[in-house]
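Data first, discussion second: the structure below is written as structure tokens.
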Amino acid sequence: AILGQSNIIGKDIIFFDTIESTNTYAMKLADTGCPEGTVIIADAQTGGKGRLGRKWLSPHGKNLYMSVVLKPAIPPKDASLLTLMSAVACASAIKQVSSLHVSIKWPNDIMTCNKKLGGILTEIKADMDRIFHAVIGIGININLDINDIPDEIRTTATSIKIEQDIAAFSRSIVTAEIIKELDRWYSIFLQNRRKAIIKEWLKLSSTIGRVVKVTVGANTFTGIAETIDEEGMLILRLSDNTTKKISAGDVTILR
Ligand code: BTN
């Protein structure tokens, strides 16, 4: 066992060598009724999924590809808070086990030195009123080498190994710490201490207070990232001094 103790998350951990996507598997597993907190980990993904329909680079044995099944009794509009909570847990965990400066770029990119170290993809099954289950998918680049990174994302993606300039970094240490932090933050979530989650997210954020460009589909908005609201929406202050709420998009930090 890689864990000392756990309340909910990580009591059951299922390992795969190669799988299409831990998220896809976890969504199917949740449909058949697995316990809350079940964790799926794979050494490689053949169809790793990123946000906004993108692919997630998932070579064998190098990184962490993990999904967690949660069953919170919340309406679907609150799902983004789960993602914020998971970003806080991941950023805190990596900070604790590495010597990197880690921050969160809205909504849920795990960053170091302006480059992306990891990301979170939350999927839910819900009706209008409530979530049946949610899957938190976590991808952290741990031992990815420069040569593994395609040219298109070479200036924007990185790994713990690249940034710390070491031979290899322990995947199990990162995994165990993330599970521990997720368990801790999920219990804060279940106690309905939303303000504590938002507060920690704001503390870890590298987005708030910066001039940013946000791409939402075919539209772009430029302004100051003022804060996030209690649903995790980004509040952007535009040049005409009005504000705009953004629920999903890509942020580029301009200055
Ligand atoms: C992002 O675009 O930033 C989110 C990336 C999420 C990747 C992880 S890897 C484990 C899990 N399974 C997937 O197919 N995606 C997530």
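A short reminder: the numbers here are calculations on the coordinates, not readings from a lab. Everything numeric here is computed off the predicted structure, so don't read it as measured data. Positions of Cβ are generated from backbone atoms using ideal geometry, with glycine treated the same way; all protein chains shown enter the neighbour counts.
Considering only SER98, PHE132, MET66, the residue lying farthest towards the positive end of the dipole of the stretch 1-134 is SER98, judged by Cα position with unit charges set on Cβ. Putting +1 on Lys and Arg Cβ atoms and -1 on Asp and Glu Cβ atoms, find which of PHE221, LEU117, GLY37 reaches farthest to the positive end of the dipole of the chain. Checking the options against the dipole of the chain, the answer is PHE221. The reciprocal of the average 1/r between distinct C-alpha atoms defines the Kirkwood hydrodynamic radius, which for the stretch 21-167 equals 15.7 Å.
This ranking places ASP183, ASP250, ASP165, ASP17 by how few other beta-carbon atoms lie within 10 Å of each, fewest first, which gives ASP165, ASP17, ASP250, ASP183. With Cα atoms as the point set, the radius of gyration and Dmax of the stretch 176-241 evaluate to 14.9, 47 Å.
With Rg and the Kirkwood Rh both taken from Cα atoms, where does Rg over Rh land for the chain?
0.95
Output the Kirkwood hydrodynamic radius of the stretch 142-181, Cα pairs only, in Å rounded to one decimal.
11.1
For the stretch 1-93, a/c is less than 1.5, where a ≥ b ≥ c are the root eigenvalues of the C-alpha gyration tensor. That puts it in the rounded class. The H on the amide N of GLY118, modeled in the peptide plane, is under 5 Å from the matching H of ILE110, ASN141, each at least 5 residues off or on a different chain. From the largest down, the stretch 116-218 spans 46, 39, 29 angstrom on the principal axes of its Cα atoms.
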